[in-house]
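A short worksheet on the structure shown next.
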Amino acid sequence: MKKVILTVAIVLGGLSTYATSAFPMNQTEKFELVAQEEFKEIEAETLPQAVKDALAKDFQTATLDKAYVNDKQEYKLEITIDGAASTVYADKDGNWIEKE
């Protein structure tokens, strides 16, 4: 009788290992939040003179399509050079900023 009970216990123990899931059940999706800078559109006339001068000096054939500003007084300029659209960034002093 002991052998029968021991055999049943071993068989049930072996079957219970197959019932477990290969993947954890409490998986949650991970989200990565990227802070985007908030730019507000402004009129081209309100650009600081230093930014206008830098644009005229470094991009002589460019035409300014749109201008934006953020809280840090950084300017996003959408320009067209020889038919190709481009976006450049400058600070309030007319220095160019590298952004991705």
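Where a number appears in this text, it was derived from the coordinates with a stated rule and is not lab data. In this text the structure is predicted, and so the values were computed from the model without any measurement. Note that each Cβ is placed from the backbone with ideal geometry, even for glycine, and that neighbours are counted across all protein chains shown.
Tallying residues that are loosely packed, with under 10 Cβ neighbours inside 10 Å and under 14 Å from residue 40 (Cβ atoms) within segment 73-100 yields 0. Taking the condition closer than 14 Å to residue 37 by Cα, in a strand (DSSP E or B) and touching a Lys or Arg at 6+ places or on another chain (Cβ under 7 Å), does residue 75 pass? So residue 75 does not fit the description; no.
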